[in-house]
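K.L.:
Structure in structure tokens, see below.
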Amino acid sequence: MPPPTDDSRQVEQRFWQEVASRVAIRVAVRALVILDDHILVQRGNHPDSVRWFPGGELEFGEMMETGLRRELAEETSLRIKTVTYRFVANNRFEREGFQLHLLEHYFEVIPETFDVESNEEHFDHEWIPINTIGSLDVRPFGVRDILSIPGWRNIKLLEVN
């Protein structure tokens, strides 16, 4: 992980402020990239950053799979081989003092290769063991928690508070 910078912290704070200022439900697509018993997460490169699943906001008029491929190409070196829709999380939370509401669509993704590099200087990516995910600060907590439950692939709607 590169050394943390005040700039990366400020980038994250500006991002949350901009998203919250819309006072709207943000629709996002997220990737669950699983390799054997590990899952890919990303985080800001400053000490108090949390981890989250790769992906981002869907653009107006964009198909979900197209948006997922675009987001992964923008953020990482990963190229998607297969995509399987898993569930939607109705995610309401507070971050940096701002109230946010996201509908996050989660896809299980198999990439062409599992070598990953970040394409954005303020993000880092890491593989973490799925069996330890419950003890880590991975957001949203509801998604983090169901990944340790056998049969999580059968869940279609997750309400996260």
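Readers should treat all values here as calculations from the given coordinates under stated rules, not as data from a laboratory. As the structure is a computational prediction, the values presented were derived from the model and not from experiment. As a convention, Cβ positions derive from the backbone with ideal geometry for all residues, glycine included, and neighbour counts pool all protein chains shown.
K.L.:
Select from Gly67, Asn154, Ile133 the residue farthest towards the positive end of the dipole of the chain; place +1 on Cβ of Lys and Arg, -1 on Cβ of Asp and Glu, and compute about the Cα centre.
P.N.:
Asn154
K.L.:
So, one more: May I ask you to derive the relative contact order of the chain, considering only C-alpha pairs under 8 Å and at least 6 residues apart, and to give it as an integer percent? Don't skip to the answer; put the middle values down first.
P.N.:
Numbers: 313 pairs, mean separation 45.0, N = 161.
Computed value for the chain: 28 percent relative contact order.
K.L.:
Answer with a single label: of [x] 14.7; [y] 9.8; [z] 9.1, which was calculated as mean projected area of the Cα convex hull in nm² from the structure in view?
P.N.:
Checked against the structure: label [z].
K.L.:
Applying the Karplus parametrisation 6.51 cos²θ - 1.76 cosθ + 1.60 with θ = phi - 60° to the phi angles of segment 110-115, what ³J(HN,Hα) value in whole Hz is obtained for each residue in order, glycine and proline being reported as x?
P.N.:
Running phi through 6.51 cos²θ - 1.76 cosθ + 1.60 with θ = phi - 60° gives 10, x, 5, 9, 9, 6 Hz.
K.L.:
For segment 47-116, with only Lys/Arg (+1) and Asp/Glu (-1) charged at the beta-carbon, what is the dipole magnitude about the Cα centre, in debye rounded to 20? Provide the component values of the computation, followed by the final result.
P.N.:
Working: 8 positive and 14 negative charges, 47 e Å.
Roughly 220 debye for segment 47-116.
K.L.:
So, one more: Could you calculate the FRET efficiency of Arg153 with Gln99 from 1/(1 + (r/R0)^6), where r is the beta carbon distance between them and R0 is 25 Å, rounded to 0.05?
P.N.:
Numbers: r = 31 Å, r/R0 = 1.23.
So, using R0 = 25 Å, E works out to roughly 0.20.
K.L.:
Then there's this: Please name which of Thr113, Gly44, Leu102 has its Cα lying farthest along the dipole of the chain towards the positive end, using unit charges on Cβ (Lys, Arg +1; Asp, Glu -1) and the Cα centre as origin.
P.N.:
Positive-end residue among those listed: Leu102.
K.L.:
Can you check what the net charge comes to around Glu126, using other residues whose Cβ is under 11 Å from the Cβ of Glu126 (Lys, Arg +1; Asp, Glu -1)?
P.N.:
Numbers: positive: Arg43, Arg51; negative: Asp124.
So the surrounding residues net to +1.
K.L.:
A further question follows. Measuring from label point to label point, each 7 Å out along Cα→Cβ, what is the Glu57 to Thr132 span in nm?
P.N.:
Between Glu57 and Thr132, the label points sit 3.4 nm apart.
K.L.:
Tell me the trypsin sites (Lys or Arg not before Pro) within segment 74-161 that lie in a loop according to DSSP and have at most 11 other beta-carbon atoms within 10 Å. The partial results should precede the final answer.
P.N.:
On the way: sites: Arg79, Lys81, Arg86, Arg92, Arg95, Arg144, Arg153, Lys156; in loops: Arg79, Lys156.
Those satisfying the criteria are Arg79, Lys156.
K.L.:
Also: Note down the magnitude of the dipole of the chain about its Cα centre, charges +1 on Lys and Arg C-beta and -1 on Asp and Glu C-beta and zero elsewhere, to the nearest 20 debye. Mind dumping the intermediate values first?
P.N.:
On the way: 18 positive and 28 negative charges, 134 e Å.
Here the size comes out at about 640 debye.
K.L.:
So, R0 is 35 Å and r is the distance between the beta-carbons of Asp37 and Arg70; what FRET efficiency does that work out to, to 0.05? Walk me through the intermediate numbers first.
P.N.:
On the way: r = 28 Å, r/R0 = 0.81.
Here the calculated transfer efficiency is 0.80.
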